[in-house]
Amino acid sequence: MSSTNRSDFRNNHISDYYITPIEQIVKFLIDFNEYENIFIKPNIRVLDCCAGGDIKHEMSYPEAFKQIGIYNVDTIDIREDSLADIKTDYLTYECKNVYDVIITNPPFNIALDILKKAINDVKDDGYVIMLLRLNFFEGKLRKDFWLNNMAKYSFVHSKRMGFTDKSGTDSVAYMHCVWQKDYNPEFCQLKVI
């Protein structure tokens, strides 16, 4: 999903796997919880459907949830070297559980497909949260989707993120975008974190 794929660095990535910065996820989770207070719910069920992780890197979202005291995170990833519980293509997988929250950093080129499936898979009034480029709001192909599926919140990260082991940051602005199933507001609430 990172724009680092414009450089030679992309040649070193399998399935466009980029490491999402855990500290940025934790910051988002804390801010989001101030608005929705969902993470105090007992037995909350969370799914990361593009979980990542490998022999050198832990899965970012499950680790971030641990840091706020939530340990029940199911994980799926298409890559065989992932640390995910289930190794399959989420787009063809039939979820066996109903989730309160589905959260992930999807590959940008299939983000809309993953989003549509996640909205169907999450429980009624549940949340779908995706780390996306801010330019996800753009595009003729996504306009119809936005008209019928407006996000509830957009938490824009004021600090640029880095998605590699190198210390640099990406050249793109990112947001954690939040949808609530069966809720289609007229406009999206913006928060800069």
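How many residues does segment 46-61 hold that are touching a Gly at 6+ places or on another chain (Cβ under 9 Å) and at pLDDT 95 or above?
Result for segment 46-61: 0.
Quick one: would you say residue 118 is among the hydrophobic types (A, V, I, L, M, F, W, C), surrounded by 17 or more Cβ atoms within 10 Å (Cβ to Cβ), at pLDDT 95 or above and in contact with a Leu (Cβ under 9 Å, 6 or more places away or on another chain)?
It is true that residue 118 is among the hydrophobic types (A, V, I, L, M, F, W, C), surrounded by 17 or more Cβ atoms within 10 Å (Cβ to Cβ), at pLDDT 95 or above and in contact with a Leu (Cβ under 9 Å, 6 or more places away or on another chain).
Kindly indicate whether any position in segment 64-80 is at pLDDT below 95 and under 20 Å from residue 148 (Cα atoms).
no
Test residue 93 against the criterion of being touching a residue at least 12 places away in the same chain (Cβ under 8 Å), surrounded by fewer than 16 Cβ atoms within 10 Å (Cβ to Cβ), closer than 16 Å to residue 118 by Cβ and over 17 Å from the mean Cα position of the chain (by Cα), and give yes or no.
Yes: the conditions hold for residue 93.
Criterion first (among the aliphatic types (A, V, I, L, M), under 17 Å from residue 26 (Cα atoms) and under 16 Å from the mean Cα position of the chain (by Cα)) does residue 64 satisfy it?
yes
Within 17 Å of residue 18 (Cα to Cα) and in contact with a helix residue (DSSP H, G or I) (Cβ under 8 Å, 6 or more places away or on another chain): which single residue out of 112, 132, 141 fits that description?
That would be 132, the only listed residue that is within 17 Å of residue 18 (Cα to Cα) and in contact with a helix residue (DSSP H, G or I) (Cβ under 8 Å, 6 or more places away or on another chain).
Residues checked against (1) in contact with a Lys or Arg (Cβ under 8 Å, 6 or more places away or on another chain); (2) closer than 20 Å to residue 122 by Cα; (3) aromatic (Phe, Trp, Tyr):
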residue: 37; (1), (2), (3): no, yes, no
residue: 41; (1), (2), (3): no, yes, no
residue: 44; (1), (2), (3): no, yes, no
residue: 62; (1), (2), (3): no, yes, no
residue: 69; (1), (2), (3): no, no, no
residue: 89; (1), (2), (3): no, yes, no
residue: 100; (1), (2), (3): yes, yes, no
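Could you list all residues from segment 89-103 that are among the β-branched types (Val, Ile, Thr) and at pLDDT below 95?
Selection gives 98 alone.
Do you know which residues across segment 58-69 are surrounded by fewer than 19 Cβ atoms within 10 Å (Cβ to Cβ) and either without any contact (Cβ under 8 Å) to a residue 40 or more places away in the chain or under 19 Å from residue 37 (Cβ atoms) (or both)?
Answer for segment 58-69, where residues must be surrounded by fewer than 19 Cβ atoms within 10 Å (Cβ to Cβ) and either without any contact (Cβ under 8 Å) to a residue 40 or more places away in the chain or under 19 Å from residue 37 (Cβ atoms) (or both): 58, 66, 67, 68, 69.
Being among the small types (Gly, Ala, Ser) and loosely packed, with under 15 Cβ neighbours inside 10 Å is the filter here; which residues of segment 121-152 pass it?
Scanning segment 121-152 gives a single hit, 139.
Return the pairs, sorted by first residue and then second, in which the second residue is among the aromatic types (Phe, Trp, Tyr) and modelled with pLDDT of 90 or more, the first residue lies in segment 106-120 and is within 9 Å of residue 90 (Cβ to Cβ), the beta carbons are less than 7 Å apart, and the residues are 6+ apart or on different chains.
From residues that are within 9 Å of residue 90 (Cβ to Cβ), the pairs are 114/90; 117/90.
I'd like to check something: does segment 56-68 contain any residue that is among the β-branched types (Val, Ile, Thr) and closer than 16 Å to residue 176 by Cβ?
Yes; the residues of segment 56-68 include at least one that is among the β-branched types (Val, Ile, Thr) and closer than 16 Å to residue 176 by Cβ.
Those residues that are surrounded by fewer than 17 Cβ atoms within 10 Å (Cβ to Cβ) and in contact (Cβ under 8 Å) with a residue 12 or more places away in the chain, I need them from segment 71-84; list them, please.
72, 81
The values are calculated or read from the model by the stated rules, or taken from the named source; none is laboratory data. Nothing here was measured: the structure is a model prediction, and the numbers come from that model. Cβ: placed from backbone, ideal geometry, glycine included. Neighbour counts: every protein chain shown.
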